[in-house]
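Before any comments, here is the structure.
No lab work stands behind these numbers, since they all come straight from the coordinates. Every value quoted in this text rests on a predicted model; they were computed, and no experiment measured them. No Cβ is skipped: glycine too gets one built from the backbone with ideal geometry, and neighbour counts run over all protein chains shown.
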Amino acid sequence: MEKTLSIPYDIAKQDFVRTHPNEVFPFEQCDQFSRYPNSTTDQQEKIHADYFAQYTIPRQYIKRNEEYYSYTSASFIITKDGNIKDLSIESRFQNKKNNIFEKQFNKQLKDFVLHTQWIPGKINNMNVHSYYGVTIHYD
């Protein structure tokens with residue numbers, strides 16, 4: 001009985017995706033989440049490891065000494081063919097003296113996002129546009 005209920009739902013999802021080719025889906029709604037390449041269960045951990053393998057924190061950067069974190073965050077759309085669009089990046093620093101690194105950190109994350117071969121989300125085995133975000137913490 002459960003399978004018969006899911007078949008019409010799957011057909012409806014597939015029809016919706018087919019008739020709305022420019023729809024952008026939250027990654028949580030995808031059957032296969034938009035994913036970072038070569039990641040398994042914790043893609044954020046893999047993103048952090050790869051990011052910090054390419055970019056180091058400057059020695060002059062002042063580390064966290066309170067409960068708040070400093071970060072650079074990117075939000076974007078992974079298109080159904082794996083390209084990036086509508087990329088926006090912002091940095092927030094717990095210690096305002098670190099604001100001198102804002103342009104550098106924003107550029108680094110932008111380059112990192114644009115040079116990654118992202119895996120598009122899927123719904124019923126069809127690639128879809130999906131929202132995604134990456135946050136890099138420095139503390």
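Annotations for the structure displayed:
- Straight-line cross-link reach from K80 at under 19 Å between alpha-carbon atoms covers these lysines, not counting any fewer than eight positions away in the same chain: K13, K122.
- Nearest-0.05 FRET efficiency for N83 and Q60, computed from C-beta distance (R0 35 Å): 0.50
- For a straight C-alpha distance cut-off of 27 angstrom, the lysines reachable from K63 (same-chain residues fewer than eight places away being disregarded) are K46, K96, K97, K103, K107, K110.
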